[in-house]
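Input: a single structure, listed below in structure tokens.
The values are calculated or read from the model by the stated rules, or taken from the named source; none is laboratory data. Nothing here was measured: the structure is a model prediction, and the numbers come from that model. Glycine gets a Cβ as well: all are built from the backbone with ideal geometry, and neighbour counts include every protein chain shown. Accessible surface areas use protein heavy atoms only, side chains included; no ligands, DNA or RNA. Shrake-Rupley method; radii C 1.70, N 1.55, O 1.52, S 1.80 Å.
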Amino acid sequence: MFSNLQDKLDRAFKVLKGQGNITEINVAETMKEIRKALLDADVNYKTAKTFTDDVRQKALGENVLTSISPGQLLTKIMNDELTELMGGTVTELDLSANPTVILIAGLNGAGKTTFTGKLANFLKEQKGKKPLLVAGDVYRPAAIDQLQVLGNQVGVPVYVDRDSTDPIAIAKAGVEEGKRNGNNVIIIDTAGRLAIDEALMNEITAVKEVTQPNEILFVVDSMTGQDAVNTAKTFNDRLDFTGVVLTKLDGDTRGGAALSIKSVVNKPIKFIGTGEKMEALDVFHPDRMASRILG
Ligand code: GDP
């Protein structure tokens, strides 16, 4: 779906570079091509339009028309603009509270449980923290097993209560357990659903209320295109999350979802998942994603 974005941009730039004399019309046509390419990459229409309008203005303002290498200058302008749109710089987690409670939310299959393990590993290894994982996905016993396996793998304890089917009580008890044991970060994995439904939203809102998280991270599969944006909007409307985690960026997606989600919900993307292994987690760098989107 995303793989031909670079081809299209290349073609658009070739058109631009091929002209001895570049006119405003050429720039407008190139912007149209770029907008089409962004739409094909699942960037939503409004975002793509705002982006190309801004770039066009800047391109004309910076005399792209008379520059020696208009293609290069335009690429730089686009890169800068995309970087800015995706937040400009890295947004770190706020780990100032002791303990810091982090709630993980998202649909089934998005990569929540995997990310929960990765985050515990990251905080332990890179930030010197002492995390506790809380297994809050009570509807899928396999999810509890999976979290325990991951916890073992990264050497982080997991709070489990197999006798309870109440995710709210488990989350609350998990936080208390963490406080008792001196864990300075408590990460709560929550249940998802295949699609958004009212029961899920009510449940996760209740978990938020009882645990008062410092960070709420919304996990979304970057390969789900426009659906990713819609899901992000619904979760944000209900939860007012503090950051986004884009998973499965090791696939061939160009990352258009990063741009759309940021511009629709206006929350920072904090991490990206780049594989199934516990180490396959990166802090989100807007400039790197801009280069990736542009190919
Ligand atoms: P959950 O239902 O949201 O908890 O999702 P899981 O954590 O169980 O992940 C669903 C599937 O996606 C599993 O097979 C994971 O191994 C896989 N997965 C999760 N994150 C990534 C990622 O960043 N890259 C790839 N390739 N696979 C991932």
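Scan the range 264-293 residue by residue and report those that are in contact (Cβ under 8 Å) with a residue 60 or more places away in the chain, away from the ligand (no atom under 11 Å from the Cβ) and open to solvent by less than 50 Å² (accessible area, probe 1.4 Å).
Answer for the range 264-293, where residues must be in contact (Cβ under 8 Å) with a residue 60 or more places away in the chain, away from the ligand (no atom under 11 Å from the Cβ) and open to solvent by less than 50 Å² (accessible area, probe 1.4 Å): 268, 269, 270, 283, 284, 286, 289, 290, 293.
For the range 219-263, what are the residues that are β-branched (Val, Ile, Thr) and either more than 13 Å from the ligand (Cβ to nearest atom) or in contact with a helix residue (DSSP H, G or I) (Cβ under 7 Å, 6 or more places away or on another chain) (or both)?
219, 220, 229, 234, 242, 244, 245, 247, 253, 261
Which of the following residues is in contact (Cβ under 8 Å) with a residue 24 or more places away in the chain, surrounded by fewer than 24 Cβ atoms within 10 Å (Cβ to Cβ) and within 16 Å of residue 269 (Cα to Cα): 111, 106?
None of the others qualify; the one that does is 111.
Test of understanding: among 113, 50, 30, which residue is farther than 27 Å from residue 180 by Cα, within 22 Å of the chain's Cα centre (by Cα) and of a type outside the set (Lys, Arg)?
Matching residue, one of 113, 50, 30: 50.
I'd like to verify a number: residues in the range 21-62 that are at pLDDT below 80 and open to solvent by 90 Å² or more (accessible area, probe 1.4 Å), how many?
5
Going by the conditions given, is residue 191 within 13 Å of the ligand (Cβ to nearest atom) and either open to solvent by 30 Å² or more (accessible area, probe 1.4 Å) or hydroxyl-bearing (Ser, Thr, Tyr) (or both)?
The answer is no for residue 191.
Inside the range 126-145, can you point out the residues that are under 22 Å from the mean Cα position of the chain (by Cα), in contact (Cβ under 8 Å) with a residue 12 or more places away in the chain and in a helix (DSSP H, G or I)?
Correct list: 127, 143.
When you go through (1) more than 20 Å from residue 85 (Cα to Cα); (2) open to solvent by less than 20 Å² (accessible area, probe 1.4 Å); (3) outside any loop (DSSP other than H, G, I, E, B); (4) within 15 Å of the ligand (Cβ to nearest atom) one by one for residue 201, which number turns out not to apply?
Only one criterion in (1) more than 20 Å from residue 85 (Cα to Cα); (2) open to solvent by less than 20 Å² (accessible area, probe 1.4 Å); (3) outside any loop (DSSP other than H, G, I, E, B); (4) within 15 Å of the ligand (Cβ to nearest atom) is unmet by residue 201, namely (4).
Take the range 208-231 and flag every residue that is open to solvent by 20 Å² or more (accessible area, probe 1.4 Å) and modelled with pLDDT of 95 or more.
Hits for the range 208-231 are 208, 209, 210, 212, 213, 214.
Residue check: is residue 119 open to solvent by 30 Å² or more (accessible area, probe 1.4 Å), within 24 Å of the chain's Cα centre (by Cα), in contact (Cβ under 8 Å) with a residue 12 or more places away in the chain and more than 20 Å from residue 201 (Cβ to Cβ)?
no
From the list 119, 123, pick out the single residue that is touching a strand residue (DSSP E or B) at 6+ places or on another chain (Cβ under 8 Å), within 16 Å of the ligand (Cβ to nearest atom) and not in a loop (DSSP other than H, G, I, E, B).
After ruling out the rest, the residue left standing is 119.
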